[in-house]
1. Could we say that residue 405 is in a helix (DSSP H, G or I) and at pLDDT below 90 here?
2. So which helices (runs of 4 or more DSSP H) stay within region 320-396 end to end and still have 3 or more residues that are of a type in the set (Val, Ile, Thr) and assigned by TED's automatic domain parsing to the domain that holds residue 490?
3. Kindly state which helices (runs of 4 or more DSSP H) lie completely within region 121-220 and contain at least 2 residues that are basic (Lys, Arg) and crowded, with 16+ Cβ neighbours inside 10 Å.
4. Search region 176-200 for residues being farther than 16 Å from residue 135 by Cα and polar (S, T, N, Q), and hand back the single one that is modelled with the lowest pLDDT.
5. Identify, from the list 543, 555, the residue that is surrounded by fewer than 19 Cβ atoms within 10 Å (Cβ to Cβ) and of a type in the set (Val, Ile, Thr).
6. Condition (residue is in the same structural domain as residue 557 (by TED's automatic domain parsing), assigned to a loop (DSSP other than H, G, I, E, B), closer than 30 Å to residue 35 by Cα and not basic (Lys, Arg)) applied to region 429-452: is it met by at least one residue?
7. Given the structure, is residue 537 under 20 Å from residue 286 (Cβ atoms), in contact with a Gly (Cβ under 8 Å, 6 or more places away or on another chain), touching a residue at least 12 places away in the same chain (Cβ under 8 Å) and not in a loop (DSSP other than H, G, I, E, B)?
Amino acid sequence: MGSQVSSMLPDDWATVDMIAQYVYCERRFHLMYGEGRWEDNVHTIIGKDVHRRVDRVDQLLPESTKGVHQMSDETIALGDAPPEIARSVSLGCDSLGLMGKLDLVSSDPEGGEAIPVETKKSGVPPTAERSYPPERMQLMAQGLLLRAHGYISNHGYIYYAGSRLRVRIDFSEELESEARKIISAVRFARASLHLPPPLEDSPKCWSCSLCGICLPDETLALRNSALKSNGPTMGPDIRRLYPARDRATPFYVQEQGAKVGKSGERLVVSKSGETLGGARLIDVSQVVLIGNVGVSAQCLHLLMEEGIPVIHFSTGGWFHGISHGTEVSNAYARRSQYEAASDTVRSYAFASELVLSKAVNQRVLLQRNARHELGRSAVALLAEHIQGFDSARLQTMDQLRGWEGRAAAIYFGAFQGMLKLDDLPDFQFTTRNRRPPKDPVNALLSFAYALLAKECQVALLGEGLDPWWGLYHTPRHGRPALALDLMESFRPVIADSVVITAINTGMVTASDFVTNSNGCALLPAGRKSFLRAWEQRIDQLFTHPEFDYRCSWRTNLKIQARLLARWFRGDIPKWKCLVVR
């Protein structure tokens, strides 16, 4: 929303909406118009419905007659000279560096009077002024535009649809002076690369549609924790201002030869003229195509417009890539990412956090699931290995990789201790192998890691970051290095956990695989069962160890990607991996 409007303007111009957003919250303004971010919530959706009528057709104001006296409110009310009404009026002014679309203007061409009316979906606020500062400033900006076009405009109205009442706003000299200052501030802020600090414990955040992108409480908590050497690290309770889990979910299609098309706002899967299934677009977060599955150009265009990525897997479960639009194209985020990647100190600190948190999560998974002495002894070995971690001694990336490799050897050496081998003798696991995997357990692990890499890449693209340029994993052709970085600490607690659950609960069985001398592959029926297990796990709610509120694993992947982007930009002093308790 913000990026579409601002890209049509001269670089130093402001809009009437920018004025309101800036007064409401400078951080929200920057996210919308500096970074092009937007998300709808129930308040913005209702607001769009309220404005739908006034925005239907652009209209022109009748020309004004300068020098004629202003009509009084009483004259307009009595209808002696019926006012002309214009809706959705677009105006601009070079001297102000301002443009805007006015919801409604009641004009009197004979008297030169123009009265702007701004529509709000809410009820009349319980304040002394019966309005909020952003609304008054927005209306005053409209008055300035009308004056610039030769009209007398000394007051306006805010119509509150929730109360079905209008509130008069007089355009005083004080309000005009403040509005002119805000216009100048907005024009300056448009060029700023700095993300303003979040509001602190503000009630505004509850109704803000960008609170899940802004993360005000999380940002302040992470900043405060870096300043405190003693006492609680997170400070006051942190509000979860975003949904615990997404309403929309991935839409998987693995029927070979099928094609995904669209019918209105609905996806339709068909094959040989027969409809196999479908889903409403509003319920879809990703479209995942496995193997020989096509998608129509019209459907692909719609998905790109809606910001829904299309994920491509091979028939064997290899992750090929993503088709996506250009909804988030934040060049500043990528520049700061490349700067961080070229900074050896920051890269090493980032990598140290990755390998240590991954080993801790591996140990926790062993503690929870070890069924034999082999697993319990590995817990002790891994604990000793973790206690011996010394970032001062491990001074290079290669040394970190060696330490990580040792932790992985201990962990996978005891992996079979987490499986019900007595009941499931076909799922023997001795060592990690891949390209291609040689046994059912490794086949599931490889597929789970591909699914996790997909989720991480989607999360990073959603923040405008480059998934291919990492800080720990070496960038090379065809390798989403930053996505591999992001997924490191999540491998045990999401991917490995799904594999263990799918095997131990019988969601996948030996008959779901085909094995020969070239390797082992998961059959379509088994893949469908495993995808069900995957979605159950990644959509499961858990208590965030840092912020102490409930959210799903998929939501947390997005939050981690968002915080990573903020760390690149310097908005938070340190990026922390998730370590489960």
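1. Answer is no for this residue.
2. Result: 344-369.
3. Values: elements: 133-148, 173-189, 204-207, 211-214.
Counting at least 2 such residues, we get 133-148.
4. 192
5. On the way: 555 fails: surrounded by fewer than 19 Cβ atoms within 10 Å (Cβ to Cβ).
The conditions single out 543.
6. Here is the first cut: in region 429-452, the ones in the same structural domain as residue 557 (by TED's automatic domain parsing) are 429-452.
After this cut, where a residue has to be assigned to a loop (DSSP other than H, G, I, E, B) as well, the list is 429-439.
Still in the list and also closer than 30 Å to residue 35 by Cα: none.
No, region 429-452 contains no residue that is in the same structural domain as residue 557 (by TED's automatic domain parsing), assigned to a loop (DSSP other than H, G, I, E, B), closer than 30 Å to residue 35 by Cα and not basic (Lys, Arg).
7. Details: under 20 Å from residue 286 (Cβ atoms): yes; in contact with a Gly (Cβ under 8 Å, 6 or more places away or on another chain): no; touching a residue at least 12 places away in the same chain (Cβ under 8 Å): yes; not in a loop (DSSP other than H, G, I, E, B): yes.
The answer is no for residue 537.
The values are calculated or read from the model by the stated rules, or taken from the named source; none is laboratory data. What you are looking at is a predicted structure, and each value in this text was computed from that prediction instead of being measured. For neighbour counting, all protein chains shown are included, and Cβ atoms are generated from backbone atoms with ideal geometry for every residue, glycine included.
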